[in-house]
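Read through the structure below, which is laid out as structure tokens, and then see the notes.
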Amino acid sequence: MVLSIVSATLQAQVGSIPPHFAYVAASIFLSLVAFRVWKFTIRPLLYPEEPRELPYWIPYFGHTFAYVRSGHDVVMQAKAYLNGSCEPFALQLKDRKMYFILHPDDSTTVYRNTTTMTFIKIVEQLQRTFRISETTMRIAWALPRSKEEDRVQTIAGVPNPGLKSLGDLSMDFWRTQVAGKEYGAIEAKFSRLIADDLAKEVALADKRDGVLKLLPLMQRVFLSAGLRTFFGEKLLEVDPDIVAKFIAFDDESWKLWFKWPLSHKMFANKQRVEDSLEKWLKLPREERVGLAYLVDTIEKTQLAIGTPVEDLARIMHLLVFIINTNTYKAAYWATAHLLTNSSIRDDIQSEVFEARQLIDSPRLSESYLSHLRNETPRIAALLHESLRYYSASSSIRLTLAPVAIGKRIIPAKSVVFIPFRPLHYDAEVFGSDVNLFNPDRFFNDKKLSSSQNFKSFSGGSSYCPGRVLARVEFAAFVGELLGAYNVEVVSECRVPTTDEKVPTKGILMPMSGEDLSVKISYKKA
Ligand code: HEM
């Protein structure tokens, strides 16, 4: 009866439509209405403890397309749908229902819950998405049954007192390298190589007109220094284009995380980086000197469990990605603001001047580096404001059992997101000028960077171990740029706008064609 009425109405509205087509269209329309009423009106009444869901019309896909275009807009739409409440809610994204936490107190509950909300499974998922083979994954994540059977100890000679899986143990390698006893060595090396790579870029530009585009300059300097610090000099000798290849992959790496169809070019670029890493890995070990503890230990332990070289190249590529993908982007925005705002520049210039009294040219002395790390609050505030303003990232957890957050219960095996942008744009915490870029807010309130609303480096078990290194990298770059050179913006003196059309799971990128051009020349002695 209802079907006939809708079908007839459709025919009356769209004159030329054949009756059987109108019938099919009416059936689809009525099914969708029934689905929507059941799912978003009746079901919430029957199961009030389930997190509410932002309604959608198309089953399976739900909000996928809108979310890929702008995750932040969909999250804000959901918040508005819940009348501005910050309670947990759900979004249908492709075949999965994802859960979102917006309230800072709820996010603290999530970070503290390391028993039923795990990060390690997310790391496993990340490795699968990076196409590390199932066989390697199975062996790397298996728990050794005894010390004698643990090849990490017996073959690689790496201690594993807790008999952890290699996957789990690798997180300890990371912490030892970037936040433990192996940190000092890479901090000094990375900072010196940033100075070295910047000097090479300036020397090359000097032979032309001294003008450089800021984004590619920073990509090359940070990536080249990062690769040389962790992998030694040989990798860039094996493939001098590896930096450009990684950037080509990184530009489109969102397609990998969003499992985007028709991504041949992104996969080809990914493969090109891995081919170079594989070629490097196949060289005799004695030719590959200068490896950082992390790379050395990961290579040794993966080979001990029998990981084939193609997978080892993928694992090394993931290392390259984690070390590099965020820092140059955050540093780029900070530098763009610094170069286009005279008040920010004056403040930072005086901080750099003070630090460089300690420099022991041509090498950067320990006291200079320690000053950069601990006594440059203006530089730290500038980086923090860039992260607050431009990060579109989230913390992610997987529930191992049903988890209660306030009145709602998130089911077991659910993916839970804590998106940073809603926390970072909370006027109650960051002030009424929250929509403006203002590093002073972090300089004037030193506690703001540890507020539960500032989550650029995530929290709990996934609290980024590389956060100090990232800050020192930026300080070393700024110290060098303003301390050793004259820098002048020769394009329009305006910070580029963000490219909102390219999806991201990390830090936003600038619109292409809006980059700053800078003229860099040597300071007269
Ligand atoms: C401004 C620069 C950086 C930002 C904004 C950043 C941000 C983050 C965030 C948000 C996470 C947590 C991800 C999650 O919860 O799902 C994370 C994890 C991590 N970060 Fe960073 N990071 C930066 C630089 C670095 C650097 C320089 C290193 C190392 C050299 C590093 C190493 C790691 C590691 C090892 C993890 C654990 C995640 C994993 O294994 O996948 N990060 N970072």
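Please work out which one of (1) among the acidic types (Asp, Glu); (2) part of a helix (DSSP H, G or I); (3) open to solvent by 40 Å² or more (accessible area, probe 1.4 Å) is the condition GLU480 fails and give its number.
(3)
Considering each residue of region 445-460, count those that are surrounded by fewer than 17 Cβ atoms within 10 Å (Cβ to Cβ) and within 16 Å of the ligand (Cβ to nearest atom), and give that number.
Qualifying residue count, region 445-460: 3.
Is it fair to say ASP73 is free of Cβ contacts under 8 Å to residues at least 12 places away in the same chain and surrounded by fewer than 21 Cβ atoms within 10 Å (Cβ to Cβ)?
Yes.
Would you be able to say whether some residue in region 108-119 is within 11 Å of the ligand (Cβ to nearest atom), open to solvent by less than 40 Å² (accessible area, probe 1.4 Å), closer than 30 Å to GLY226 by Cβ and assigned to a helix (DSSP H, G or I)?
For region 108-119, residues within 11 Å of the ligand (Cβ to nearest atom), open to solvent by less than 40 Å² (accessible area, probe 1.4 Å), closer than 30 Å to GLY226 by Cβ and assigned to a helix (DSSP H, G or I): present.
To keep it simple, each residue is scored yes or no on (1) of a type in the set (D, E, K, R); (2) closer than 24 Å to PRO261 by Cβ.
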{"site": "ARG43", "(1), (2)": "yes, no"}
{"site": "GLY62", "(1), (2)": "no, yes"}
{"site": "ARG69", "(1), (2)": "yes, yes"}
{"site": "VAL74", "(1), (2)": "no, yes"}
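Find the residue count for region 206-224, including only residues that are open to solvent by less than 40 Å² (accessible area, probe 1.4 Å) and modelled with pLDDT of 95 or more. Can you show your working first?
So the first thing to find is which residues in region 206-224 are open to solvent by less than 40 Å² (accessible area, probe 1.4 Å), and the list is 210, 212, 214-215, 217-219, 221-224.
Those left that are additionally modelled with pLDDT of 95 or more: 212, 214-215, 217-219, 221-224.
Residues meeting the conditions: 10.
So the check is Cβ under 8 Å with 6+ separation or different chains; which pairs have a first residue in region 348-359 that's free of Cβ contacts under 8 Å to residues at least 24 places away in the same chain and a second one that's assigned to a loop (DSSP other than H, G, I, E, B) and of a type outside the set (D, E, K, R)?
From region 348-359, the pairs are LEU358/SER365.
Would you point out which residue out of LEU372, LEU338, LEU382 is more than 26 Å from THR229 (Cα to Cα) and within 16 Å of the ligand (Cβ to nearest atom)?
Values: LEU372 fails: more than 26 Å from THR229 (Cα to Cα); LEU382 fails: more than 26 Å from THR229 (Cα to Cα).
Exactly one of LEU372, LEU338, LEU382 is more than 26 Å from THR229 (Cα to Cα) and within 16 Å of the ligand (Cβ to nearest atom), namely LEU338.
So, in region 288-335, of the ones that are in a helix (DSSP H, G or I) and small (Gly, Ala, Ser), which residue ends up nearest to the ligand (Cβ to nearest atom)? Walk me through how you get there before you give the answer.
Quick first cut of region 288-335, residues in a helix (DSSP H, G or I) only: 293-304, 309-324, 327-335.
This time we only want the ones that are small (Gly, Ala, Ser), so: 304, 313, 330-331, 334.
Values: ALA304: 20, ALA313: 18, ALA330: 4, ALA331: 7, ALA334: 10 Å.
Result: ALA330.
Could you grab me the full set of residues in region 500-517 that are closer than 14 Å to SER253 by Cβ and either away from the ligand (no atom under 16 Å from the Cβ) or not in a loop (DSSP other than H, G, I, E, B) (or both)?
VAL502, PRO503, ILE507
So for region 121-138 (the condition being under 29 Å from the mean Cα position of the chain (by Cα), among the β-branched types (Val, Ile, Thr), within 28 Å of PHE258 (Cβ to Cβ) and open to solvent by 50 Å² or more (accessible area, probe 1.4 Å)), does at least one residue qualify?
Within region 121-138, one or more residues are under 29 Å from the mean Cα position of the chain (by Cα), among the β-branched types (Val, Ile, Thr), within 28 Å of PHE258 (Cβ to Cβ) and open to solvent by 50 Å² or more (accessible area, probe 1.4 Å).
Would you please list the contacts, defined by Cβ atoms under 9 Å and residues six or more apart or on different chains, that run from a residue in region 161-188 that is at pLDDT below 95 and of a type in the set (S, T, N, Q) to a residue that is within 13 Å of the ligand (Cβ to nearest atom) and in a loop (DSSP other than H, G, I, E, B)?
From residues that are at pLDDT below 95 and of a type in the set (S, T, N, Q), there are no pairs.
From (1) surrounded by 21 or more Cβ atoms within 10 Å (Cβ to Cβ); (2) over 20 Å from the mean Cα position of the chain (by Cα), pick out the condition that doesn't hold for ASP296.
Going through (1) surrounded by 21 or more Cβ atoms within 10 Å (Cβ to Cβ); (2) over 20 Å from the mean Cα position of the chain (by Cα) one by one, ASP296 breaks only (1).
Out of all the residues in region 434-444, which are assigned to a loop (DSSP other than H, G, I, E, B) and either open to solvent by less than 70 Å² (accessible area, probe 1.4 Å) or within 16 Å of the ligand (Cβ to nearest atom) (or both)?
If the condition is that a residue be assigned to a loop (DSSP other than H, G, I, E, B) and either open to solvent by less than 70 Å² (accessible area, probe 1.4 Å) or within 16 Å of the ligand (Cβ to nearest atom) (or both), then VAL434, PHE437, ASN438, PRO439 are the ones that fit.
Among the candidates SER393, SER365, single out the residue that is of a type in the set (S, T, N, Q) and away from the ligand (no atom under 16 Å from the Cβ). Spell out the reasoning first.
Numbers: SER393 fails: away from the ligand (no atom under 16 Å from the Cβ).
After applying the criteria, what remains is SER365.
When the residues of region 159-181 are narrowed to those that are under 14 Å from LYS121 (Cα atoms) and within 9 Å of the ligand (Cβ to nearest atom), which ends up most open to solvent (accessible area, probe 1.4 Å)?
MET171
Considering only strands (runs of 3 or more DSSP E) fully contained in region 393-433, which possess at least 1 residues that are more than 25 Å from GLY506 (Cβ to Cβ)? I'd like the intermediate steps shown before the answer.
On the way: elements: 394-399, 403-405, 408-410, 415-419.
Where strands (runs of 3 or more DSSP E) fall fully within region 393-433 and carry at least 1 residues being more than 25 Å from GLY506 (Cβ to Cβ), they are 403-405, 408-410.
Does SER191 fit the bill of being within 12 Å of the ligand (Cβ to nearest atom) and either more than 24 Å from the chain's Cα centre (by Cα) or hydroxyl-bearing (Ser, Thr, Tyr) (or both)?
Judged against the criteria, SER191 is not a match.
What's the number of the only condition in (1) away from the ligand (no atom under 16 Å from the Cβ); (2) at pLDDT 95 or above; (3) of a type outside the set (S, T, N, Q); (4) part of a helix (DSSP H, G or I) that ARG356 fails to meet?
Exception for ARG356: condition (2).
Just to verify a result, which residue in region 396-416, among those that are more than 16 Å from the ligand (Cβ to nearest atom) and of a type in the set (D, E, K, R), is least open to solvent (accessible area, probe 1.4 Å)?
ARG408
The values are calculated or read from the model by the stated rules, or taken from the named source; none is laboratory data. Note that the structure is a prediction, hence the values are computed from the model and not measured. Here Cβ is always computed from backbone atoms with ideal geometry, including for glycine, and neighbour counts include all displayed protein chains. Side chains included, ligands, DNA and RNA excluded: accessible areas come from the protein's heavy atoms. Shrake-Rupley method; radii C 1.70, N 1.55, O 1.52, S 1.80 Å.
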